[in-house]
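The values are calculated or read from the model by the stated rules, or taken from the named source; none is laboratory data. In this text the structure is predicted, and so the values were computed from the model without any measurement. Methodologically, a virtual Cβ is constructed for each residue, glycine included, from the backbone with ideal geometry; neighbour enumeration extends over all protein chains shown. The accessibility values were calculated without ligands, DNA or RNA, using every heavy atom of the protein model including side chains. Shrake-Rupley method; radii C 1.70, N 1.55, O 1.52, S 1.80 Å.
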Amino acid sequence: MTAGTRAEPLLKIDNLVKHYGVRGGRKPAIQAVNGISLALRAGETLGLVGESGCGKSTTGRCIIGLEQPTGGQIVFDGKPVEHGRRAALTAMWRDMQYVFQDPFASLNPLMTVFAILSEPLRLSGMKAAETQARVAELMRLVGLAPEHGNRFPHEFSGGQRQRIGIARALALNPKLLILDEPVSALDVSIQAQVINLLEDLQDQLGLAYLFIAHDLSVVSHICDRIAVMYLGRIVEVGTREEIFDRPQHPYTQALLSAVPIDDPDLRGRRKRIVLQGDPPSPANPPSGCAFRTRCWKATDICAQAVPALEPKPQARQAVACHHAGALTAEPA
Amino acid sequence: MTPANQGPPLLSVERLITEFRSAEGTVRAVDEVSYQIWPGETLAVVGESGSGKSVTAMSVLGLIPRPPGRIAGGRILFEGRDLLTVPPAEMRAIRGKAISMIFQDPMTSLNPVLTVGFQIAEAMLAHGDMGRAEAAERAVELLRTVGVPNAAERYQQFPHQFSGGMRQRALIAMAIANRPRLVIADEPTTALDVTIQAQVFEALRLAQAETQAAMVLITHDMGLVAELADRVVVMYGGRVVETTDVRTLFHAPRHPYTRGLLASLPRMHERSERLTPIPGAPPSLVNRPSGCAFHPRCAHSAGRLPCRTEVPAMREVEPAHWSACHYAEELQDSRERVEA
């Protein structure tokens, strides 16, 4: 579902930087996000993937204004996001909403579903009668029975709670949802229900999704384009086919090869790259390319220069690697 | 590795019933569960939250808190002895020596004020007839076996100086320290990132190669099952619903729940337009559906009476393939995944 228009993207991120603990000065700053640029078109799903600590959730939280970026610019729907200006953010949140990972922690246990879903409507000035109808409509939209509006979150299963979280995000007809690991807290048999729901809602409402996740199978199913992050930077960005079928960055290749495949016939027949060591600390990232400490292709230049994220002659996607290329030789 | 189904099983869980008292009455978390594991084999126990997969393992280890828990029936035969009748002191001697375990959360399984090396050596000193120096030497060797770099230096460090993946490897080293005959691993990689998971798989493989121990792998991750298991037990609502070898399970499952689970998974290299979820939610143990616990979500049941009234028994529907479905025969020719 690629929106083929040449118009301005719905969301444009330019050189976003977020460092924590800069002002105290005694400890080194945590460089959570280190200059990332992204664009997201209306109606599109962009996956933001990477392992814990790579900065993917921080990026999402900067976009919606829950975190104040250290540097860079975010433009949403033609207007720069004004961090720290509450009124401007509140206005923006009509069009941009966040769905959290944990449907147990993100709903107020003392509020009924009706109260949870009507709150944004009431704050936007909707009349009581209209609110009733809209809450019922929202509940039907996400596959919940409107007569259950007087129940509390604990009376619902995990999957149903995530539906409530999605309904709340949809209350004011947003253009963009930031979905932060929306299915990873759910049982396997429930995940597919929520993924299908998200796809249906996108078809019906023309929403754009920024889908933050670490589960690559889910990402490959739902995303049009994918950005792979490592230690605060994007290392590769391209279409689903480019990333999954022809990855060019060694980290993307290692990440894909590490995913267990649920076919016992393929056991031992796949090339598996087992990376050595752990990701470096974002408080003290390596010079040059942050991945070089675990990379089998690393040479001197990797320690000297941060590789630019740019298209390569052999591939259409942008890759930030001095030695980008298809996986041919076995890593040492 | 092929299942070594000759000879007596190493562990045989027989009609085990584990109950918990709760505010809403007695909850039967494990309801007549039976499974066997033979020496050297890897048995995956698969299920969602509330399926009883972990409670069964805790029952085997004698780690059910009493009260509120209680083993209300069945036998757990390990090398022919019923662990449910073994005196506590003897059970402590078995646990950590002949049977060891690896838990999901590596942070809470290690003592933060003792060095990692000391804790591994302690596991050997508690059970073995080994001297302190020898135990220390073997601990370093074990850390090396499971892929911890600079093992001698790491031996001296505290858990907080280890990353999550390193801690999990230290726990694997500890689990194999006394050359157990059975290792029970409960979601050993769930808390870890993908690239670290791959490292821990390797460590598990190395550990198993080193000790020839049998392994019960408790997980909800079908990818992990496909990569590691010889045989699989599928649990749902406190009962075993299907068990067979790993290839048959993936290619010709004979229980509607297993089929539904496999069909619902998104796959990296198959881009179907739409996933096929199982409708509804896993059952609450307090309010388990009558008859077959899966019937309210089952596409095959279609309101048939036996599904609602009779708990289906495990039946051998094909040699070495058991299913607890009244209509398992109807699922015989549905091998769409093989042909796909």
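Could you tell me, in Å, what Rg and Dmax come out for the Cα atoms of region B:210-258?
11.4, 38
About its Cα centre, how strong a charge dipole does region B:145-263 have in debye, to the nearest 20, once Lys and Arg get +1 and Asp and Glu get -1 at the Cβ?
260 debye
Ranking request for peptides B:163-169, A:113-119, A:316-322, B:128-134: highest mean number of other beta-carbon atoms within 10 Å first, then the rest in descending order.
B:163-169, A:316-322, A:113-119, B:128-134
Amide H of A:T45: which non-local residues (sequence gap of 5 or more, or other chain) have their own amide H closer than 5 Å, using H built in the peptide plane?
Residues meeting the criterion, in which the H sits 1.01 Å from N, are A:Y209, A:D224, A:R225.
Might you work out the accessible area of A:S189 for me, using a 1.4 Å probe with all protein chains in place, and round it to the nearest 10 Å²?
Spelled out: A:S189, probe radius 1.4 Å, area about 0 Å².
Within 10 Å, count the other beta carbons around each residue, average over each peptide in B:220-232, A:260-272, B:92-104, and list them highest first.
Averaged packing, sorted descending, gives the order B:220-232, B:92-104, A:260-272.
With the Cα gyration tensor of region A:207-272 in hand, give its eigenvalues times 5 under a square root as the equivalent ellipsoid semi-axes, listed largest first in whole angstrom.
22, 15, 10
Sequence gap at least 6, Cα distance under 8 Å: using those rules, report the relative contact order of region B:208-340 to the nearest whole percent. Present the calculation step by step, with values, prior to reporting the outcome.
Values: 164 pairs, mean separation 31.8, N = 133.
Across region B:208-340, relative contact order equals 24 percent.
Given a 1.4 angstrom probe, I'd like the percentage of the accessible area of region A:239-303 that is carbon and sulfur, rounded to a whole number.
50 percent
Can you give me the distance in nm between label points at A:A308 and A:S37, each placed 7 Å from the Cα along the Cα-to-Cβ direction?
0.9 nm
Protein chains only, probe 1.4 Å: how do A:E82, B:E153, A:E67, B:E41 rank by accessible area, largest first?
From most accessible down to least: B:E153, A:E82, A:E67, B:E41.
Report the Cα centroid-to-centroid distance between region B:66-126 and region B:202-277 in angstrom, as an integer.
26 Å
Just the ratio, please: alpha-carbon radius of gyration of chain B over 2.2 N^0.38 Å, N its number of residues.
Output field value: 1.03.
Go ahead and collect, in residue order, the members of region B:245-282 whose backbone nitrogen is under 17 Å from a label point 7 Å along the Cα-Cβ direction of A:A145.
Correct set: B:279-282.
Counting only protein heavy atoms and using a 1.4 Å probe, what share of the accessible area of region B:213-333 belongs to carbon plus sulfur, as a whole percent?
53 percent
Compute the accessible area of each residue in region A:38-76 twice, once for its chain alone and once with every protein chain present, using a 1.4 Å probe on heavy atoms, and list those whose area falls by at least 50 Å².
Output list: A:E51.
Of all the accessible heavy-atom surface of region A:3-153, with the other protein chains kept in place and a 1.4 Å probe, what percent is carbon and sulfur?
53 percent
Distances over 31 Å make up what percent of all Cα-Cα pairs in the protein assembly as shown?
It works out to 58 percent of all Cα pairs.
Per residue, how large is the accessible surface of chain B? Use a 1.4 angstrom probe and give square angstrom.
Counting only protein heavy atoms, the per-residue value for chain B is 42 Å².
Computed over the Cα atoms of region B:146-282, what is the ratio Rg over Rh, Rh following Kirkwood?
Here the Rg-to-Rh quotient is 1.03.
Just counting partner chain Cβ atoms within 10 Å, what average do the residues of peptide B:219-230 show around their Cβ?
Mean partner-chain Cβ count within 10 Å for B:219-230: 4.
If you count, for each residue, the other Cβ atoms within 10 Å and average over each peptide, how do A:297-303, A:98-104 line up from highest to lowest? Show your work: numbers first, answer last.
Working: A:297-303: 15.3, A:98-104: 20.0.
For the peptides A:297-303, A:98-104, the packing ranking is A:98-104, A:297-303.
Taking the Cβ-Cβ separation of A:I301 and B:E273 as r and a Förster radius of 45 Å, what is the calculated FRET efficiency to the nearest 0.05?
Here the calculated transfer efficiency is 0.55.
Looking at region B:258-282, which residues lose a minimum of 50 Å² of accessible area between their chain alone and all protein chains in place, measuring with a 1.4 Å probe and not counting ligands or nucleic acids?
B:P266, B:M268, B:R271, B:R274, B:L275, B:P277
With +1 assigned to the C-beta of every Lys and Arg and -1 to the C-beta of every Asp and Glu, and no other charges, what is the dipole magnitude of chain B about the Cα centre in debye, to the nearest 20?
Here the size comes out at about 560 debye.
With a ≥ b ≥ c taken as the square roots of the eigenvalues of the C-alpha gyration tensor of region A:269-332, please select rounded if a/c is under 1.5 and otherwise prolate if a/b is larger than b/c or oblate if it is not?
oblate
Go through B:K53, A:K27 and list them by solvent-accessible area, largest first, probe radius 1.4 Å. Could you put the intermediate results ahead of the total?
Numbers: B:K53 20, A:K27 160 Å².
Accessible-area ranking of B:K53, A:K27, largest first: A:K27, B:K53.
Quick one: accessible surface of B:S51, probe radius 1.4 Å, all protein chains present, in square angstrom to the nearest 10.
0 Å²
Taking the Cα of A:A87, stepping 7 Å toward and past its beta carbon, and measuring to each backbone N in region A:116-158: which are under 19 Å?
Within reach of a label on A:A87, which here means backbone N under 19 Å from a point 7 Å along Cα→Cβ, region A:116-158 contributes A:123-125.
Shielding of B:194-207 by partners, i.e. mean partner chain Cβ atoms within 10 Å per residue?
5
Can you give the accessible area of B:R15 in Å² (nearest 10), computed on protein heavy atoms with a 1.4 Å probe?
Rounded to the nearest 10, that gives 150 Å².
Go ahead and run the numbers for FRET between A:L266 and A:D200, Cβ-Cβ distance against an R0 of 30 Å, rounding to 0.05.
0.40
Under a 5 Å amide H to amide H cut-off, with H placed in plane at 1.01 Å, what residues pair with B:V233 once short-range neighbours are removed?
For B:V233, whose amide H was placed from the backbone, the distant partners under 5 Å are B:A44, B:V45, B:V46.
Could you tell me the relative contact order of chain A? Use alpha-carbon pairs under 8 Å, at least six residues apart, and round to a whole percent. Provide the component values of the computation, followed by the final result.
On the way: 610 pairs, mean separation 62.9, N = 332.
Relative contact order comes out at 19 percent.
Determine which aspartates and glutamates satisfy two conditions relative to B:K53: a Cα distance under 12 Å, and not lying fewer than 8 residues away in the same chain.
Within reach: B:D31, B:D186, B:E187.
According to the Cα gyration tensor, what semi-axes, each the square root of 5 times an eigenvalue, does the equivalent ellipsoid of chain A have, listed from largest to smallest in whole Å?
36, 23, 18
What total accessible area, in Å², is buried where chains B and A meet, using a 1.4 Å probe and rounding to the nearest 100? Kindly include the intermediate steps, with their values, before the conclusion.
Working: alone 16300 and 16460 Å², together 28880 Å².
Interface area, both chains combined: 3900 Å², rounded to the nearest 100.
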